[in-house]
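Worksheet: one structure, shown below.
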Amino acid sequence: MEQQAIPIALIADYALRGGATGITLLMAGFLLATRPLREVTVFGALFALGAGVYAMLSVEPLQGMLGPAFVPLKLLAMLSPAFFWLFIMALFDDEFAFRTWMAAPPVAIAALFLVCFPFPATEQASKLAHVAIVLALMLHILRMTRCNLRDDLVAARRQFTGIVVFLVPLVCLAIGVIEVYELFNLRGGFASPAIAAMLLCVSAAFAFGIAGIRKSLFPQPVASAPQPNGTNSAADRFDLARLEKLMNEGIYLNSGLTIGELANRMNMPEHRLRRLINKGLGYRNFAAFINDHRIEEARRRLSEPETAREQITSLAFDLGYSSLAPFNRAFRERIGMSPSQYREKALATS
């Protein structure tokens, strides 16, 4: 009996999916082995695991072997974009804390997937809604990367941002093609290997970004205040003195002050100023550096009996904030109470 040849497209499909799975599993192990274990590493590992499972689940022989385990594994795969979104939020926010509203996207994706089992007629609408949620998450990630590039002082994290800018459109394209592929029940040809190739590219891009991660890329505990680096060169100490002079003159009170404007005032390249504030003063975010100076000035003014009747809103504008809400939020995060509460306490003990 003549043995039937295995189509080249099928071999390529399985090989590409196997490569993507292997890469993502290695990345998941790398992230989970990173200590201390934090939200950012857990979310990154869950994304890598979900992406790896996503790559292999369309292999029909494997589906039959999985049996009842297919449903939870498929659910993990469907949730991988939400885990990627959580990973990016935790990575770019040094004060990240998981909040209840952050569970909404993964819960919605899970509900859309599970509802198809008792109600098969909803499958098409569920897939379209799933794609819409994923696209919304990816757009939010792109917005976060833009904000990160503006204020981030950590060189490794800024470099990873470039990977994310490449990775997000690729994730959107891969998921969109996969959903259309499944929605119309396409089989054969080069559609499946093309999807597998996109999944391999996503995995390789993520691995390339993660491979350069060092501990400095991950957020430090909130309790750890920025500390100056005691090994600054003579040139750095000179520039730090110039920076301190500008701060003492109140440049931080300028509304909308950017690191580019501050670099121009100091007549130095922006990348050097980022490094100076990060390595020389221990700050990881420019907004945090500015906010610390503004909050310290706010504490001084709130403690003075002469300004006891000054409106908090006026104080916020004087300090360079565009509105009261960001001032209240920044003050509460650093001091642990509202500006009004701090004033009452300060004046009562003076």
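Rule-based calculations on the coordinates, nothing more; no lab input. Please read these numbers as outputs of a predicted model, since none were measured by experiment. Counting neighbours? That spans all protein chains shown, and the Cβs are built from the backbone with ideal geometry, glycine included.
Could you tell me the distance between the Cα centroids of region 79-95 and region 313-343, to the nearest Å?
Going from one Cα centre to the other spans 28 Å.
In which sequence would Met56, Met27 go, from the one with the fewest C-beta neighbours within 10 Å to the one with the most? Don't jump to the answer; show the numbers that get you there.
Values: Met56 20, Met27 25.
The order, fewest Cβ neighbours first, is Met56, Met27.
Rounded to the nearest 500, what is the chain's calculated 222 nm mean residue ellipticity when only DSSP H runs of at least 4 contribute -39500 (n - 2.57) each, over all residues? Before the final figure, lay out the partial values.
On the way: 15 runs with 239 residues, N = 350.
Rounded to the nearest 500, it is -22500 deg cm²/dmol.
If you find the alpha carbon centre of region 26-78 and of region 230-275, how far apart are they in angstrom?
44
Under a Cβ-only charge scheme (Lys and Arg +1, Asp and Glu -1), can you give me the dipole magnitude of the chain about the Cα centre, in debye to the nearest 20? Walk me through the intermediate numbers first.
On the way: 33 positive and 27 negative charges, 143 e Å.
Result for the chain is approximately 680 debye, rounded to the nearest 20.
For the chain, report the translational diffusion coefficient in µm²/s to the nearest whole number, using Stokes-Einstein at 10 °C, 1.306 mPa s, and a Kirkwood Rh over Cα pairs.
On the way: Rh = 23.3 Å.
After rounding, the answer is 68 µm²/s.
Quote the relative contact order of the chain in percent (integer), defining contacts as alpha-carbon pairs under 8 Å separated by 6+ residues. Intermediate results must be reported in sequence, preceding the final value.
Details: 353 pairs, mean separation 59.2, N = 350.
It comes to 17 percent, rounded to a whole number.
Mind listing P(r) for region 234-348? All alpha-carbon pairs, 10 Å bins, whole percents.
Reading upward from the zero bin: 13, 43, 28, 14, 2.
Using θ = phi - 60° and the Karplus curve 6.51 cos²θ - 1.76 cosθ + 1.60, what whole-Hz ³J(HN,Hα) does each residue of region 106-115 get, with Gly and Pro shown as x?
Residue by residue, region 106-115 yields x, 5, 5, 5, 4, 5, 5, 6, 6, 5 Hz.
Which order results if Thr34, Thr145, Thr24, Thr100 are arranged by neighbouring Cβ count within 10 Å, fewest first?
Details: Thr34 19, Thr145 22, Thr24 29, Thr100 6.
In order of increasing Cβ crowding within 10 Å: Thr100, Thr34, Thr145, Thr24.
Amide H to amide H under 5 Å from Asn285: which residues, 5+ apart in sequence or cross-chain, H placed 1.01 Å off N in plane?
Leu153
Springs between alpha-carbon pairs under 10 angstrom, Gaussian network model over the chain: which of Glu306, Glu95, Glu297 fluctuates most?
The residue with the greatest mean-square fluctuation here is Glu306.
Given Gln63, Met247, Phe317, which one lies farthest toward the positive end of the charge dipole of the chain, if we put +1 on the Cβ of every Lys and Arg and -1 on the Cβ of every Asp and Glu?
After comparing all options, I get Met247.
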